[in-house]
Structure formats: structure tokens, C-alpha cells
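J.: Structure incoming, see below.
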Amino acid sequence: MSKNLLTIEQLSEYIGVKPSTIYQWTHYKKIPYIKLGSFVRFDPDDQIDSWVAGNTLLPPECIQ
């Protein structure tokens, strides 16, 4: 099984935010991450895409 886990820099490009923002989110546990020893990694398929979808707000006219 091969998983493509992202680094903070890669995730920054993937979701379009600064790396410093991702560092803050991981510090305050606002984003799902995987801790591998001293390394922090992110699973875009199982965690990040779901997290982004769960944080998406739709205007009332889009909800039917």
C-alpha cells in the first residue's frame, strides 16, 4: 500500500494557504494531521479533502 502524504509546504500549495497558517492549525489541532516521529504529514485523500468539505459554507440560496 502506497500513500502519498503531504508535507506542510506541499499542503500549503494544495489548499492555497501560507505554511505559517498550517503550522498554527496543527499547533491548535484545527486540521487533521499524522505525526511520524518529529515529522508532520497530511493525508489528502482520507483526511484533508473531507476536512475542507466539512469547512465549506454555502450561501442559503445554494441549499435546497
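The values are calculated or read from the model by the stated rules, or taken from the named source; none is laboratory data. The structure presented is a predicted model; accordingly, all values stated were derived computationally and were not measured. Using ideal geometry, Cβ is built from the backbone for each residue, glycine included, and neighbour counts are taken over all protein chains shown. For the accessible areas, the whole protein counts, side chains as well, though only heavy atoms, and no ligand, DNA or RNA atoms are used. Shrake-Rupley method; radii C 1.70, N 1.55, O 1.52, S 1.80 Å.
J.: Please work out which one of (1) exposed (fewer than 15 other Cβ atoms within 10 Å of the Cβ); (2) at pLDDT 95 or above; (3) among the β-branched types (Val, Ile, Thr) is the condition ILE63 fails and give its number.
T.: Going through the list (1) exposed (fewer than 15 other Cβ atoms within 10 Å of the Cβ); (2) at pLDDT 95 or above; (3) among the β-branched types (Val, Ile, Thr), ILE63 breaks only (2).
J.: Can I ask one more? Tell me the residue from TYR23, TYR33 that is touching a strand residue (DSSP E or B) at 6+ places or on another chain (Cβ under 6 Å) and either hydroxyl-bearing (Ser, Thr, Tyr) or surrounded by fewer than 13 Cβ atoms within 10 Å (Cβ to Cβ) (or both), please. If you could, list the steps in order and put the result at the bottom.
T.: Working: TYR23 fails: touching a strand residue (DSSP E or B) at 6+ places or on another chain (Cβ under 6 Å).
The match here is TYR33.
J.: Can you name the residue in region 39-62 that is in a helix (DSSP H, G or I) and of a type in the set (D, E, K, R) and is also farthest from GLU9 (Cα to Cα) among such residues? Spell out the reasoning first.
T.: Here is the first cut: in region 39-62, the residues in a helix (DSSP H, G or I) are 44-54, 60-62.
Then keep just the ones that are of a type in the set (D, E, K, R); that gives 45-46, 49, 61.
Details: ASP45: 17, ASP46: 19, ASP49: 17, GLU61: 36 Å.
Restricting to residues being in a helix (DSSP H, G or I) and of a type in the set (D, E, K, R), the top hit is GLU61.
J.: While we're on this one: Count, please, the residues in region 11-20 that happen to be in contact with a Pro (Cβ under 9 Å, 6 or more places away or on another chain) and either open to solvent by less than 40 Å² (accessible area, probe 1.4 Å) or modelled with pLDDT of 95 or more (or both).
T.: Total meeting the criteria: 2.
J.: Under 9 Å between Cβ atoms, at least 6 apart or on separate chains: pull out the pairs that start in region 44-62 with a residue that is in contact (Cβ under 8 Å) with a residue 24 or more places away in the chain and end on any residue that is open to solvent by less than 70 Å² (accessible area, probe 1.4 Å) and aromatic (Phe, Trp, Tyr).
T.: Every condition considered, the pairs that remain are ILE48/PHE42.
J.: I'd like the residue in region 1-10 that is open to solvent by 70 Å² or more (accessible area, probe 1.4 Å) and not hydroxyl-bearing (Ser, Thr, Tyr) and, out of all such residues, is farthest from the chain's Cα centre (by Cα). Give the derivation first.
T.: Going through region 1-10, the residues open to solvent by 70 Å² or more (accessible area, probe 1.4 Å) turn out to be 1-4, 9-10.
Remaining after also requiring not hydroxyl-bearing (Ser, Thr, Tyr): 1, 3-4, 9-10.
Values: MET1: 21, LYS3: 15, ASN4: 13, GLU9: 11, GLN10: 10 Å.
My answer is MET1.
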